[in-house]
Structure formats: C-alpha cells, structure tokens
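**Q** Below is a structure I'd like to ask you about.
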Amino acid sequence: MEKPIQKPAIRWHILVFIAPAFLIYTAIMIVPLFGTLQLSLYKEIEGAKVFVGLENFNTLFGDPRWSESFWNALVNNTWFFVVHMLVQNPIGVLLAALLSTNTLRMRAFYRTSIFIPTILSFVIVGFAWKLILSPLWGVAPNMLDAVGLKFLFAPWLGKEEYALTTLALVSVWQFVGIPMMLIYAALLSIPDEILEAAECDGITGMSQFWKIKLPLILPSIGIISILTFVGNFNAFDLIYSAQGALAGPNYSTDVLGTFMFRTFFGFQLQLGDPHMGSAIASAMFVVILCGVSIYLFGIQTRLRRYQF
C-alpha cells in the first residue's frame, strides 16, 4: 500500500517571532505612509477638510512658485547624492581594502576612529562644522594660515556655489565609516581558498583586489549604493542644523526634506500647510521608490544574463 502523502506542518512559531517586528514596522512606517498619502489628497477650505484629489500635486508641479522651489530642492538632493557616490563610497572601499591587509598595524584603532563620527548627532556635527568653517571664529582659517595656505580659505557655508558641496563633504566625513565597515565585512567573508588559488596563479597585491576581490564584493557595493540613495534623498538633519530651515544662502542648500519641513510646519511668517507638505512628502516617496526600483531591476536583469 502506498503511504499517504503527508502535508507539511504549519510552523506557527515562525509567525510568533515575525509578529512583533511586523506590528512595530506597520505602526511606525506603513500606517504613517498611507496617512501621508491620504492627507495629500485633501485641502483645508473654510475650516473643513475637503477631498480635492490631485489638486495639491497640480499646484506643486504647475504653480511657478511651488514648482521652482520643488525642482531646486530636487536638483540639490541629486547633487548631494552624487557627491556621496563619487567621494564617500570609493573612499569607503579604499579604506576597507587597506584595513583588510595583514600588514597594517593598529587596524582596530583605525576602524574605531573612522566609524565614531557615524554615531554622533546630526546637530552636534552640523553645529561643530559651522564653527570650524566660520571666517570669524573658526579654526579652519588659522589652521590653513599655520601652513601658509590661508589664501585657499573661503566662507564655504556662506557662498551659494560652495555651501551644498561643503555640507555634502561634511556628511561624507561623518558617514564614510558605514560603507567602510560593510565592505570590510564583505572582504573578510571571501573564502581563503579563492585567495590562495589566486596567489598560486601569481595574482597578488592590487591586482588581486581588482581581479578577484572587487567582483566578489559587488553585491555589497550595490547594497551600499541603495542605502546611500535612500539616505541622501531623506537628508534633513545636517542641513537644518547647519543652515537652518531656510537652507541658506538663498536656498542654495535647500533639499526636499527642508522644503517639506517649511511647508508642513510653517516657518517664521509662513503658515504651515499639512496638505501641501504631505504632497511634497509623497513626491519624495515616489522619487525614492522609482530610484530603488530602477536600480534593483537593473541588478536583477544583469544577474539573469550571468545565469544564462
């Protein structure tokens, strides 16, 4: 007699472990997200909340005053991200490669020193660098003067053409430890057999890194790129603490986060408009979602090509 096919047992204990994280994530992420999307479809008219559909978005993209501010913030956000991709991530990979070498001494000290700024508060970092770069009481002019390079100093946070790039580099200094540690962990996870085989073939030093290690850590670099994209397009704290809600000078450091803050909560004589602020937040969500989706789609397509 044939034995009856046994149905796989339902593993209820998995649901027990997943439920707390799922409930917390839903409460602090999913519910506010849908609440924001819902709020963006309404408008306050004579003290009553009225459903207006996409009218707030038409105002955001159609009204010259709103659209100019939005596109200025989006362009600044994009440049903020580009600086991180071109400076932070390559430096993180370089530092990780140096730390993974067996000949380097005091590696633990260097790892700790580079990673410490990532745990500092945005407010502390923004205020401290504003003091350092101040042309009146900052230490940067004196330090450059001590080495005969004071002519290179400029009020970088006070000039429109330099302010955003300066803040982006400050952010790079603060967070370069994250890609460094992630890449460092990826390099340590490479099996020794692969490296030994490469050495037997005469591939050592930098040649080994470019030909063997770098291709193996590309997935980690991809994850870091996604995290950089999401983090930079959610940027707010550093710019707010260093340049204020107006993101001066003349909105040259204004990003989507500060633009949304001023609109939602109001600032100085500007009254807050939660509905338009929610429309800006929804646009931020769409931008981030599209960027991450395009990147993931590109990665998956590349993987399919390698499989076949």
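**Q** Hey, with R₀ at 22 Å, roughly what FRET efficiency would residue 86 and residue 173 work out to, going by the Cβ-Cβ distance, to 0.05?
**A** Numbers: r = 15 Å, r/R0 = 0.66.
FRET efficiency, residue 86 to residue 173: 0.90.
**Q** Which FRET efficiency, nearest 0.05, do residue 67 and residue 246 yield, Cβ-Cβ r, R0 22 Å?
**A** Working: r = 19 Å, r/R0 = 0.86.
According to the calculation, E is roughly 0.70.
**Q** Label 7 Å along Cα→Cβ of residue 44; the stretch 251-274 residues with amide nitrogen under 18 Å?
**A** Output list for this probe position: 260-274.
**Q** How far is it, in nm, from the label point at residue 116 to the one at residue 289 when both lie 7 Å from their Cα along the line to the Cβ?
**A** It works out to 4.2 nm between the two label points.
**Q** If you don't mind, there's one more thing I want to ask. Using 0.36 nm times the number of residues separating residue 107 and residue 24, minus their current alpha carbon distance, what extension gain do you get?
**A** Numbers: separation 83, 0.36 × 83 = 29.88 nm, distance 3.77 nm.
Gain on stretching residue 107 to residue 24: 26.1 nm.
**Q** Tell me which of 144, 102, 82 sits at the most positive position along the dipole axis of the chain, charges placed on C-beta atoms (Lys, Arg +1; Asp, Glu -1).
**A** 102
Bear in mind these aren't lab numbers, they're just calculated from the coordinates by the rules spelled out. All values reported here derive from a predicted model rather than from experimental measurement. Please note: Cβ atoms are built from the backbone with ideal geometry, for glycine as well, and neighbour counts cover all protein chains shown.
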